[in-house]
Amino acid sequence: GGGKSSAKFGEPLDAVLQAAHIVVCGERDALRASSAAIAAERDALLAERDGVRGERDALSAERDALRGEVDALRAAQRVLAGERDALSTEQRLLSGERDALWASEKALR
């Protein structure tokens, strides 16, 4: 009777192994789903990082453009200051000529 007795023990053991296999398969599927979700989250974060980098680069370019505008405005300001000084000098020369004309006019009288 040893064969019969091992067959009787084998059936519950098979049932336990089958149940364990089902549990392991379920856990494996859950881990795969979790892994896929993590991968998707990672991809989203990488895309967000790339977007932030692009935004940062755009802001950098904008800042450089503004610095260029500021430099151009400063250069224009220097040019205008030079023109103002030239006009001021010209005004002094004209005043001198006017005074000289007045003086010569008085001398003629």
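The values are calculated or read from the model by the stated rules, or taken from the named source; none is laboratory data. This is a predicted model, so every value here is computed, not measured. Here Cβ is always computed from backbone atoms with ideal geometry, including for glycine, and neighbour counts include all displayed protein chains. All accessible areas refer to the heavy atoms of the entire protein, side chains included, with ligands and DNA or RNA removed. Shrake-Rupley method; radii C 1.70, N 1.55, O 1.52, S 1.80 Å.
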- Flag for residue 109 being at pLDDT 95 or above and open to solvent by 90 Å² or more (accessible area, probe 1.4 Å): no
- Residue check for residue 48: out of contact with any strand residue (DSSP E or B) (no Cβ under 9 Å at 6 or more places or on another chain), exposed (fewer than 10 other Cβ atoms within 10 Å of the Cβ) and acidic (Asp, Glu): no
- Task: Would you check if there is a residue in segment 51-73 being open to solvent by less than 80 Å² (accessible area, probe 1.4 Å), part of a helix (DSSP H, G or I), out of contact with any His (no Cβ under 9 Å at 6 or more places or on another chain) and among the β-branched types (Val, Ile, Thr)?
- Result: yes
